[in-house]
Amino acid sequence: MKYCHRVHSSIALMKNIAFLPILASLCLMAHGAVKFPAIFSDGAVLQRDREVAVWGWAGPGKSVHVTFGQQKKQATAADDGAWMVKLDAMPASAEGREIRAVEEGGAEAVVKDVLVGEVWLASGQSNMEWNIAASREEDKAIATSQPLPLVRMIAVPKKVTHERQEDFEGNWQPATPEHVMKFSAVGYFFARMIHEQVKVPVGIINSSWGGTRIDPWLAEEGFTKVPELADIALQRSEQLPGQTAFEQKFVAHLTATRQWCDAAEAAVKAKSLVPAQPAALPLLPLQSQTGMYQAMIHPVRFYGVKGFLWYQGESNNGEGMLYFQKMKVLIHGWREQFSLPDAPFLFVQLAPYTYGGKALQEIWTAQQKALEIPNTGMAVINDIGDIKDIHPRNKSEVGRRLALWALDRTYGMKQKAVSGPLYRAYKIQGNSIVLSFDHLGSGLATRDGATPSLFEIAGTDGIFHPATAQVNAHGKSISLTAPQVPEPFQARFAWAETAEPNLMNKEGLPAGAFHTHWPEDPTIGKNLSAGKPFISSHENQHGWNTGVTDGVYGDAAPQAYATSEAADFPKHLTVDLGSEETVALVRFGVPKVGSTKTIAISLSTDGKTFQEIGRSDFAAATQARRDMRVSAQKARYIRATFVGNHEKQYDNFSKNFGFLSELEAFAPKN
């Protein structure tokens, strides 16, 4: 009974975990101390031309008077001690002034040397965290050449938690040689350029953590704008304290635990077997899936900022277009939490690097597609990377390219170009493909004066060949030809993780990688198989029985599929479209593992009689995909058959496994 008493006490404690920050604030305020959060420390910069929130804590019910310059505001602390006032919009000011908060009864807090200008929040993983001291010598020389007293910096310390935090430990510092070396290089050089060009004070907030995925930076509110990720949103909400789905499960868990206590006590009295205690509710894993937003972004959500900088994606490489959906969640969530629905969101496309076949070009495409989200901008950096170093050291140029977007789109200071050429459209002209681009600047050019490199074209067979690229006379388009492809159908550019192409505009900004027919083939309609169920003749028992229709060409479970290791062939996998559909193309691929590489594709209307439309052999240890086109054929079932195995390759898998990364069926173009 004493044990169950402790259980009931533990339950009460668990119910109050979410309130610990509030209780701590109440204990502090019981002593009558008015307090600002860390974001309001000496040397702060307030956002100009916008109503600015100033907040803190005081004794519950106490009146708090706030002054800044000529402005005087008043608030009453709530039951948890929190108070907030809104300062009227102010023009930029390089005059250091005080924010003073005086609590009823005489206690006061003062923030000194406060400027008014532009404030940006920089976040991401190691390439955003990367400090000036670890950057190239030229960058260190620029950053330490002179103090910039009107550029102020603050870093949010690394921390993860399931509960949303209201404060952090940190303080503003001026951008002087002794302070800049440990600060984000990209954040600093962006802020420096904005300060030099816009001629106002600039505050830059760095909240980044090397090695992190995008997932722990997400605010759950962002999922409401991305129905494509409804399943992920539900799974997260069921494992995240503070979310409705979790709280509902927690109430049921409390009831079950109380009932177990009663049953356990009864069992002890009866000297019978005590029943098993209800399992604890699973929590969303910290750091890999959640925790950074709560501890490192949420505390500054009320602080006035102009916009956001983002440099991340390395740890999500391999997710393909799923990363685009997560970018939407990130952007919508932050904009909602900061009450800035149109805030500029500027991000960096990853640099070329030897990841080892994780399809970097697919996440490049996902990042470029994020430009469809209003008021976003992307810095392409495939000309200043190092394929042997995941951390490009030329951070000043990265900051400059982000700043070009801000100067042009946010501050109305027209630039000749804010980006290098980005693919717009293609058309077939005889034996050539003609490509057009956005962001041409003064026209197309190459860094080395040679013809444009790393272009490829293919026919309908999907087999690509190097193409000769010719910049057309007007400098606005490129024509591609290849003797092996007399009837070209599609093209791609810089379509490899280590690609360092020479194409740029005359302003020196590089062109971004692209594929004319991926992720969406403009000649066909919707993906009929997306999310559809499938069955296997030889079901895998090792966790690889997923990933066939998830839209991700992955290399491992759960984003890739394998049959069992049984030695009998043929083996097959069949996708059920749910109803009879008109199919124009079947696209399928294999991961970079496994020995079984000969695959036949068949279609059926009844699931009994299948007609083979083609087969393909794949090289060992190579991620690849194939397209098979048909003439508007009716089908409900799409089958991939592993017709035999090859000699075992040098990996850890039996030669009897059959692997697929994806099996897709597409309708004709509407």
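Conditions (1) closer than 27 Å to residue 355 by Cβ; (2) in the same structural domain as residue 625 (by TED's automatic domain parsing); (3) within 29 Å of the chain's Cα centre (by Cα), marked per residue:
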residue: 458; (1), (2), (3): yes, no, no
residue: 481; (1), (2), (3): no, no, no
residue: 499; (1), (2), (3): yes, no, yes
residue: 505; (1), (2), (3): no, no, yes
residue: 510; (1), (2), (3): yes, no, yes
Quick check: anything in the range 254-263 crowded, with 23+ Cβ neighbours inside 10 Å and small (Gly, Ala, Ser)? no
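Just the residues that are assigned to a loop (DSSP other than H, G, I, E, B) and crowded, with 19+ Cβ neighbours inside 10 Å, please, taken from the range 522-537. Explain how you work it out, then say what you get.
To start, the set of residues in the range 522-537 that are assigned to a loop (DSSP other than H, G, I, E, B) comprises 522-523, 528-533, 537.
Scanning the range 522-537 gives 528, 529.
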Residue among 323, 355 that alone is buried (at least 20 other Cβ atoms within 10 Å of the Cβ) and among the hydroxyl-bearing types (Ser, Thr, Tyr): 323
Residue 656 is checked against (1) in a strand (DSSP E or B); (2) surrounded by 17 or more Cβ atoms within 10 Å (Cβ to Cβ) and fails just one. What number does that condition carry? (1)
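Answer yes or no as to whether residue 385 is closer than 21 Å to residue 210 by Cβ and buried (at least 23 other Cβ atoms within 10 Å of the Cβ).
In short, no.
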With respect to the numbered conditions (1) at pLDDT 95 or above; (2) outside any strand (DSSP E or B), which one is the sole condition not fulfilled by residue 204? (2)
For the range 137-161, enumerate the residues that are in contact (Cβ under 8 Å) with a residue 60 or more places away in the chain, farther than 21 Å from residue 312 by Cβ and of a type outside the set (A, V, I, L, M, F, W, C). 138, 152
For residue 247, only one of the following conditions fails: (1) within 29 Å of the chain's Cα centre (by Cα); (2) outside any helix (DSSP H, G or I). What is its number? (2)
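Yes/no matrix, rows are residues, columns are (1) acidic (Asp, Glu); (2) at pLDDT 95 or above; (3) under 34 Å from the mean Cα position of the chain (by Cα):
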{"position": "554", "(1), (2), (3)": "no, no, yes"}
{"position": "558", "(1), (2), (3)": "no, no, yes"}
{"position": "567", "(1), (2), (3)": "no, no, no"}
{"position": "573", "(1), (2), (3)": "no, yes, yes"}
{"position": "586", "(1), (2), (3)": "no, yes, yes"}
{"position": "589", "(1), (2), (3)": "no, no, yes"}
Within the range 288-307, the residues that are out of contact with any Ser or Thr (no Cβ under 7 Å at 6 or more places or on another chain) and either in a helix (DSSP H, G or I) or under 30 Å from residue 496 (Cα atoms) (or both) are 288, 289, 293, 298, 299, 300
Among the listed residues 586, 593, identify the single one that is buried (at least 16 other Cβ atoms within 10 Å of the Cβ) and either among the polar types (S, T, N, Q) or assigned to a strand (DSSP E or B) (or both). 586
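The values are calculated or read from the model by the stated rules, or taken from the named source; none is laboratory data. Worth saying up front: this structure is predicted, and the values here are computed from it rather than measured. Here Cβ is always computed from backbone atoms with ideal geometry, including for glycine, and neighbour counts include all displayed protein chains.
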